[in-house]
Structure formats: C-alpha cells, structure tokens
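First the structure, in the form of structure tokens, and then the observations on it.
The values are calculated or read from the model by the stated rules, or taken from the named source; none is laboratory data. All figures in this text were calculated on a predicted structure; none of them were measured in a lab. Positions of Cβ are backbone-derived with ideal geometry, glycine not excepted, and every protein chain shown enters the neighbour counts. In case anyone asks, the SASA skips ligands and DNA or RNA and just uses the protein heavy atoms, side chains included. Shrake-Rupley method; radii C 1.70, N 1.55, O 1.52, S 1.80 Å.
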Amino acid sequence: MEKIIIFDTTLRDGEQAPGASMNSFQKMEVAAQLEKLGVDIIEAGFPVASTGDFEAVKAIAKKVKRSAVCALARCVKLDIMLAAKAVKPAKHPRVHVFLATSKIHLQYKFRKAEDEILRIARDSIRLARKHCSDIEFSPEDATRTERDFLYRMVEMAIDGGCRTINIPDTVGYSYPQEVYSLITDIRNNVPNIDKAVLAIHCHDDLGLATANSLSAVLAGARQVHCTINGIGERAGNASLEEIVMAMKTRKDVFGDFYTDINTKEIFRTSHLVSKLTDFAVPPNKAIVGANAFAHESGIHQDAVLKKRITYEIMDPHDVGIAESSLVLGKHSGRHAFRDRLKSLGFQLNEGQLNKAFGRFKEVADKKKAIFNDDLRAIVEDEIRVAKPVWQLHSFEVTSGTRIKPQAKVILIKKAKNIPGVSSGDGPVDACFKAVDKITGYKVKLEDFRLEAVTSGKDALGRVSLKLKIKDSIISGRGASTDIIEAAIRAYLDAVNKLKSK
Ligand code: KIV
Ligand code: ZN
C-alpha cells in the first residue's frame, strides 16, 4: 500500500478565506488539533504577511513535534528568509516557495518572459535550500501553464533540490480528467520526476476540488493539499475530510492507498476550526455538516432503523460523530416517531401513539425541526387525559390596537362540532370566554404562564395555567407553535380534568 501524504493548509490558504483570520493562540490551538488528527505537514502561515503570522508560525514550529511545519514564501529574498527563520525551531521544517508560471500571470502580473521567471525561481530555490533542507516548490497556476514551460520549470526545481513539486489548480478551473492527464504528462515528460514527490493543490471555484485531488492521486500524485471544512481563498480549497473519507470509503478504487489521518478526530477538528474562524459549516456539507448523518424522510428513517447501510455509506463513528440522527420533521414516519418516544421513556399504547403522531404531524407542518422537548410537550399534551370530553377543532381571532378582540372557537364533543363566540380583554381572554360559552362552566383564571419550549422563531410555546372551577383549582398545560392555540389547549386540558374527576 502507498501512503498519501496529507498537507494541511488550513492555517495558510484556509486562513486566506475572507474573514477567517485567526490570532496566534487560535492558530496554535488548531495546529495542536491537526497534529492529533495525524496530518503529515502543517502549512502554518505566510510569515512575510505580518509580524503576527511570523510569530504564529514560529510558535507552532516550536510546539509541534510529529507533523512537519511548513511556511510559505514568494520567490522574494525577504519572504524566504522569514519563512526559513520561522520554521527553524521545528523538528521537521519545510519552506514552500511558489512562483506563477502561466502565460496570463507572466504577461499581466509580472510582465516578464519565461526565461526570467525560470531564473528567479532557480535563484530563490537555491537561497531557500541554503536555509532549509526540505523545500517544496509550486508553479502557481500550473493547470493553466503551457505544458513545455511547466515541464522545464519542474525539472529545474527538482535539479535545484526541491523534494516536493506541488501542482496548483490555483483558480479551480480544471476538471478531473484534465488533472489526471496533467499529472500523467508531468510524470512522463519530466526526466527527473522520480526524485520528487508530486503534490496536488486544488481550489473549489467550480466545486471540483475534491474530485480533482482524487483524480490526481489516481494519476500518481502522492501528496494532497487540503483544508479543514474546505475553507480557503474564494470558494475554498479541497477539503481534508472529503478526500480522506472518500479514500477510506471507496476501497474498491483507492484500496492501494492509505493516509495516517485518525478519522475519529475529523469532527472535533472541523468544529474547532469553525468555532475559531467564525465560519459556520453549512448543514449540508459532506462529512461534517449537521445533516451529513441525519435522516428526515420517513422512508429513509424506516430503512435506516432496519439496516443502517441502506442510506449511510459511512459509519458516523468513523469521523467522530456519536451517532446518526433521525431528525423528526414533516417527512418523518411512524417508525422513527415511535422509536424516539421510546428513547425518551414514553410507553404509549397504540391509540395514544396514533393521537400523538397526528398532533406531531400538525406541529411539524408549522415547525422546521421537532426537538425532544417539543416531543415531550406534544406527548404530555396528548396522553394526560385519557378521554377528553372537549377537544379543539379550530379557532379564529381578530385583534388589534383599535378593535375589541373577538374570538370564535369550535370544540368537538362526542363527534359534534360546537361553536362559541365571544369578545374579551385580549385575544386569549376572548378565546377562553368563547370556550366558557360552549362548556357552560363558570371559570376564574388564577394563574397563566407562557414559556418557549425550544429556541427559534418557530419554537413551541407552552402555556401552564390554573383555573378555579366550582371551588376546585385545576391546572392545565398546552403547547403549540401558536401561543393562542397553546393557551386554548391548556384551558381545555384543565376543563377536561374536571370532567374526568
Ligand atoms: O492556490 C495556489 O496556487 C496557492 C499557492 C501558493 C500554492 O495557494
Ligand atoms: Zn491555494
């Protein structure tokens, strides 16, 4: 089996994502976690960019022992000197030197001819080699570089002592077959290519960074540049978790390769990087997104409960996620609903389950996600009274600053709809009075409390109240995404208790 070297550039290219910069302490925290994750090389920063970055790279170089610590430098003397100085304390120091080689960059960025670019690169590599034994060279924008010039540049860099040649798809322009051909062509046309490790560095402008990196591996690249959560310049870099898990999961294709990544640390690392950069991980992000191992549709939930592999190609434990989740929402089925209630400690008979499931579907139509607390509220609402005399059918309220609140409530009793209409001091009071007209009870409201069961705009509201009816104090509770409905439900809960006494 051949090892694929994982070169993590979260702390350099990843940090170049607009708004993702971290201070020295934060970078050290991430570096420590990357080492725990098992990355081979940590590109810790671009020391010439700022004193802070120089110090951060130096501090990381002092602390990290197992992974190599690398710093980036342009083909500029000051860059190279600072990069070499910053990584010097590392057990395995590396300097990564880069220079653009594509016609577009030569013409518009440098206004220099190919031979001059070759000379600058050669002199810079020589300088870097004097100060660090491990040099990596990147012909920036390699995928848009004329082939012959690229071969000449790579050959010169290897002759100059570079141990690793990285091929960047700087603007994320390539597609997988192209990358495959490029790596194959470099291997076939650069005479000294076997004296260096070939690396790949892909950006995600067309969403192809992971696919391109994997294609490069199949063509002979043995080092992959990547970042945690795929953060990086513009649309980001190839993401470490996707590359590593694709190779681990698709053994049929990548069975000849392995990485030293401890995949169980992936989720923790993703979380840390997201927290420290303030870059939220999109819920649908592969491997580490909140929905990556979550199932909402009833068909999927039912199948996953029967056999996980029906809809899961990876084991969540392998990436450090405790378990896949069955998210209860409007697409969920009875199987997942029953299963969750069981895990919450509810033992419902078939009738109670049906009632609770019906109510759950009503709530799920109004609310994006149903949390365990929502479920508790729903179930407690539905099972508290064995056979309620009065049930809510529907209600309508009109209310405002210039009108007296009016309510029409329809209750069901023995399969018959009974309407009641009333005005009141507020919409809730109007509803309670409408209910009183239907039930005929003389009721005094003794206590009324409203709280949010869960958070968010669509959170369930729970009303707890106490009513005085015929000298008895009776409490009631009700929950709904609509607080007036929650209030009516709580009111009926109390009234029904009286009737069942
Ligand atoms: O994308 C790129 O070309 C780079 C180089 C510095 C390797 O990040
Ligand atoms: Zn890059």
Cα gyration tensor of the chain diagonalised, 5x eigenvalues square-rooted, in angstrom largest first, produces semi-axes 65, 23, 19
Roughly what angle does helix 372-383 make with the longest principal axis of the chain, taking Cα atoms, 0 to 90 degrees, to the nearest 10?
-> 20
Taking only the alpha-carbon atoms of region 133-194, the convex hull volume per residue, in cubic angstrom, is 76
The pairs in 404/433; 27/77; 27/58; 442/470; 361/497; 470/497 lying past 19 Å Cα-Cα in this model are 27/77; 361/497
Among beta bridges that DSSP assigns inside the chain, antiparallel share in %, nearest 5 = 50
Dividing the surface of the Cα convex hull of region 101-207 by four yields a projected area in nm² of 6.5
Can you figure out the FRET efficiency of residue 306 with residue 104, using R₀ = 41 Å and their beta-carbon distance, to the nearest 0.05?
-> 0.15
Extension gain (nm, one decimal) between residue 317 and residue 65, 0.36 nm per residue minus Cα-Cα | 88.0 nm
Check: C-alpha center region 330-384 vs C-alpha center region 411-454, spacing in Å is 25
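Inverting the mean 1/r over all pairs of different Cα atoms, compute the Kirkwood radius of region 294-367 and quote it in Å.
Taking every pair of different Cα atoms in region 294-367, averaging 1/r and inverting gives 13.1 Å.
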With 0.36 nm assigned to each residue of separation and the Cα-Cα distance removed, residue 448 to residue 473 gains 7.7 nm
Value of relative contact order over the chain, rounded to a whole percent, pairs C-alpha under 8 Å and six or more apart | 9
Over region 2-277, what lengths in whole Å, largest first, do the semi-axes of the equivalent ellipsoid take, defined as the square roots of 5 times the eigenvalues of the alpha-carbon gyration tensor?
-> 26, 23, 17
Using a probe of 1.4 angstrom, how much of the accessible area of the chain is carbon and sulfur, in percent?
-> 51
So how much slack lies between residue 177 and residue 416, counting 0.36 nm per residue of separation and subtracting their Cα-Cα distance, in nm?
-> 79.1 nm
Could you grab the Rg to Rh ratio for region 265-305? Cα atoms only, Kirkwood for Rh.
-> 1.12
Assign unit charges at the C-beta atoms only (+1 for Lys and Arg, -1 for Asp and Glu), then state the dipole size of the chain relative to its Cα centre in Debye, rounded to the nearest 20.
-> 2360
Using bins 5 angstrom wide from zero, how does P(r) for region 391-500 break down, in % of all Cα pairs?
-> 2, 13, 22, 24, 21, 12, 4, 1, 0
According to the Cα gyration tensor, what semi-axes, each the square root of 5 times an eigenvalue, does the equivalent ellipsoid of region 38-166 have, listed from largest to smallest in whole Å?
-> 26, 15, 12
Among 202, 73, 431 - extreme Cα towards positive end, dipole of the chain, charges at beta-carbon = 431
Which value, in Å², gives the accessible area per residue of the chain when a 1.4 Å probe is used on the protein heavy atoms?
-> 47
Of 2-15, 259-272, 242-255, ordering from highest average Cβ density within 10 Å down gives 2-15, 259-272, 242-255
Dividing the mean separation of Cα pairs under 8 Å (6+ apart) by the residue count of region 391-500 yields a relative contact order in percent of 17
If every Lys and Arg gets +1 and every Asp and Glu gets -1 at its Cβ, then about the Cα centre region 391-500 yields a dipole, in debye to the nearest 20, of 440
